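To keep things clear, I will list the structure first and then write my remarks on it.
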Amino acid sequence: MGLIIGTLVFGLAQGGAIALLGAGIVAIHRGSRVVNLAHGAFGMFATYVFATVLGGNAQHPSALSVAVAFALGCACGAGLGLLTDWAVMRRLASRPATVRMTATLGMLYVLLSLAQLLFGAGTRSVPSVFGAGNHRIGLVVLTNDVLGIAVLALLLSVLLGMFYQRTRIGTTIRAVADSRQTAALGGIRVDRVGALSWGIGGATAALAGIVLAPSTGLNSYILTLLVVQALAAALTGRLQHLLPTLVGGVAIGVITAFAREYLDQLTSASPPAWVNVSAIQDGIALLWMIGAVAAWRQSGRARGVRAGMAAAGELLRAPVDGPVRIGLVLMALAAAAIIPLALGASGLYLLSIGVAYAAAILSLVVVTGMSGQFSLAQAGFMGVGAFAAAHLAAIASLPLVVTVPLGGLAAVPIGVLAGLITLRAGGVLTAVVTLGLGAALSSLFFTAGFNGGATGSMALHRGGALSSPLVYCWFEIGVLALLIAFVCALRTRRAGRRMAAVRDSEHAAAALGISPARTRLAAFALSAFIAGVAGVLYSGVDQIASSRTFGPFASIGLLAAGVVGGLGSTAGAVIGGLLQALGPGGLSSLPLINRLGDPGDVGGVLLGILLLVQVSLAPAGLSRPLLRAEAGVARRLRTAVRRTPARGST
């Protein structure tokens, strides 16, 4: 009985904090119709401010120092929300929901990298704002943390609910969320209303991070990833209702606590090799998301949201004659074959990484650019392909040339699974569910004993001629060229046209006899295959498949680089891949950057800022000038061909 009560108490504390974080997501969505994927990062950064203000008093802080640090931490969270609204969201008010959500990924990238620059990447201990001590109620012993979090979560949910339902400001917020244009015509200051929603949400995120950090430890990755469980709780309330969000958060915490305790006892003697039961929380969050989306009969408005960025790149592509395209491709391949010869060891390494990243972003071109499905599970697909190839190489002694396509095929069933669990979702909800899938793959399976245990690493030797870095780089370029040729051919085939039709309008596509469900499944399957191939290529560079490189943050980085490059074209995938790989390496050569801190963290901050600027000013990405140049070359060549006979005849 004591074990059951203890587990329940621990689950209530964790669930209450998750509910607090989910309440902040609901608050922002109710006022702006934006799903804030940076919500965990808001709480993480504010909690670092809280711990920094405490400073040397962190072990035995006075009540006054805790109160001051707590107030400054919550103010920091509110400030981050206000800054996001003022600097980003007001400029994207008329853009599709997924474009605005993409901007929150930019904020996540900036805050995560900035936190590592300023505060380091280790784990800190943080004192509880509720102080030490416990209270006995019958057989139950409740700590101050448990009581404080439970009361705080319930009180905040009730107060926010009353605020939205029974105050004039709350009614105004709901009116702006329904229609900014109509609210503005009615004399409502929509910008101020949006800022208020973001400020409330940011303060709530800070509150959740500060009360949860004492039990989880202050770590930038752990607190930022709590957004997955918070999103699962918020989906319980359909991103609108606070009480169901509170119930969902508490239920997730309690179920996770009991499931972990039960599985630990069941598997203590012989832990399963195929799954890491200690990381069951991400699997439960994913299942909760799937159930919430399945129970949520979405309105046409919710399902009608599509990726919103993909079409921009398509509109820029002018018709290019077949001979012209072949000539341009041959020129690009010749340059790709020559460039590695001029590079040193470090340059060749970065180029090899960039080519693998380009292949991974190419998978986003298929699922997002062509099909309009917003996926944040691409790094998970890469990991499936990489570990499958490592197992095939270890068990059957297959060469890397053979394991590359087999790794891609191994990822296809996971891609189909992603398509199945997102069939009832649309737009931003697809991104939320695939983020949960990526987190579950990374924590549950990539770190399982079957894949090397807690380190999650397996050897993937190249062997033969591919053991040469130069030859392997050429091999990667050849594989990427084949994948690009496949995607270019897919655009003009029936399958590609079906994807474009579903991307533009599912209802119109269905009226034409096209099955949106089958098309989406096909897009996810093809995307997973390409990402699986990319995962094998990436792991082949260092000759090791590692779980650290295939987590949710890797998926976010790929999407960020893809948006900057341009997800509407294959050229954008190449630009994004090279930017993702060469950015930190190029920055490390600058003395000023080295003095600032880790070049990777500085590069993360700059990439996040670039993503924010790109989404705001040029959604088509950096590939736009190349597409225009390609069209210009085609026009000049056609003109030259037409004039040549005329000159000869005179």
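Taking Gly77, is it open to solvent by less than 10 Å² (accessible area, probe 1.4 Å), in a helix (DSSP H, G or I), small (Gly, Ala, Ser) and at pLDDT 90 or above?
Numbers: open to solvent by less than 10 Å² (accessible area, probe 1.4 Å): yes; in a helix (DSSP H, G or I): yes; small (Gly, Ala, Ser): yes; at pLDDT 90 or above: yes.
Yes, satisfied.
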If you check Gln281 against the conditions, is it at negative phi, of a type in the set (S, T, N, Q) and in contact with a His (Cβ under 9 Å, 6 or more places away or on another chain)? no
Note down all Cβ pairs under 9 Å where the first residue falls in the range 150-161 and is touching a residue at least 40 places away in the same chain (Cβ under 8 Å), the second is hydroxyl-bearing (Ser, Thr, Tyr), and they're at least six residues apart or on different chains. Leu156/Thr204; Ser157/Thr245; Leu160/Thr204
Could you look through the range 199-245, keep only residues that are closer than 29 Å to Ala132 by Cα and not in a helix (DSSP H, G or I), and pick out the one that is nearest to the chain's Cα centre (by Cα)? Asn219
Kindly indicate whether any position in the range 119-135 is more than 28 Å from Leu242 (Cα to Cα), part of a helix (DSSP H, G or I), touching a residue at least 60 places away in the same chain (Cβ under 8 Å) and touching a helix residue (DSSP H, G or I) at 6+ places or on another chain (Cβ under 7 Å). yes
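Taking the criterion of being β-branched (Val, Ile, Thr), outside any helix (DSSP H, G or I) and modelled with pLDDT under 85, would at least one residue in the range 252-272 satisfy it? Show your work before the answer.
Our first condition is that a residue be β-branched (Val, Ile, Thr); within the range 252-272, this holds for 252, 254-256, 267.
Among the residues that remain, those that are also outside any helix (DSSP H, G or I) are: none.
No, the range 252-272 contains no residue that is β-branched (Val, Ile, Thr), outside any helix (DSSP H, G or I) and modelled with pLDDT under 85.
Return the only residue of Val88, Val26, Val9 being surrounded by fewer than 24 Cβ atoms within 10 Å (Cβ to Cβ), within 24 Å of Tyr164 (Cβ to Cβ), touching a Ser or Thr at 6+ places or on another chain (Cβ under 8 Å) and touching a residue at least 12 places away in the same chain (Cβ under 8 Å). If you could, list the steps in order and put the result at the bottom.
On the way: Val26 fails: surrounded by fewer than 24 Cβ atoms within 10 Å (Cβ to Cβ); Val9 fails: within 24 Å of Tyr164 (Cβ to Cβ).
Only one candidate qualifies: Val88.
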Residues Leu466, Leu429, Leu480, Leu444: which one is open to solvent by less than 40 Å² (accessible area, probe 1.4 Å) and touching an Asp or Glu at 6+ places or on another chain (Cβ under 7 Å)? Leu444
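If you check Leu159 against the conditions, is it open to solvent by 20 Å² or more (accessible area, probe 1.4 Å) and in a helix (DSSP H, G or I)? Quick ask: steps written out before the conclusion?
Details: open to solvent by 20 Å² or more (accessible area, probe 1.4 Å): yes; in a helix (DSSP H, G or I): yes.
Criteria met by Leu159.
Scan Gly372, Gly354, Gly347, Gly385 and give me the residue that is assigned to a helix (DSSP H, G or I), modelled with pLDDT under 95 and touching a helix residue (DSSP H, G or I) at 6+ places or on another chain (Cβ under 6 Å).
Working: Gly372 fails: assigned to a helix (DSSP H, G or I); Gly347 fails: touching a helix residue (DSSP H, G or I) at 6+ places or on another chain (Cβ under 6 Å); Gly385 fails: modelled with pLDDT under 95.
On inspection, the qualifying residue turns out to be Gly354.
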Would you please list the contacts, defined by Cβ atoms under 7 Å and residues six or more apart or on different chains, that run from a residue in the range 460-489 that is assigned to a helix (DSSP H, G or I) to a residue that is surrounded by 13 or more Cβ atoms within 10 Å (Cβ to Cβ) and among the basic types (Lys, Arg)? Tyr472/Arg462
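The values are calculated or read from the model by the stated rules, or taken from the named source; none is laboratory data. From a predicted model like this one, the values you see are computed outputs, not experimental measurements. No Cβ is skipped: glycine too gets one built from the backbone with ideal geometry, and neighbour counts run over all protein chains shown. To get the accessible areas, we keep the full protein, side chains included, count just its heavy atoms, and leave off ligands, DNA and RNA. Shrake-Rupley method; radii C 1.70, N 1.55, O 1.52, S 1.80 Å.
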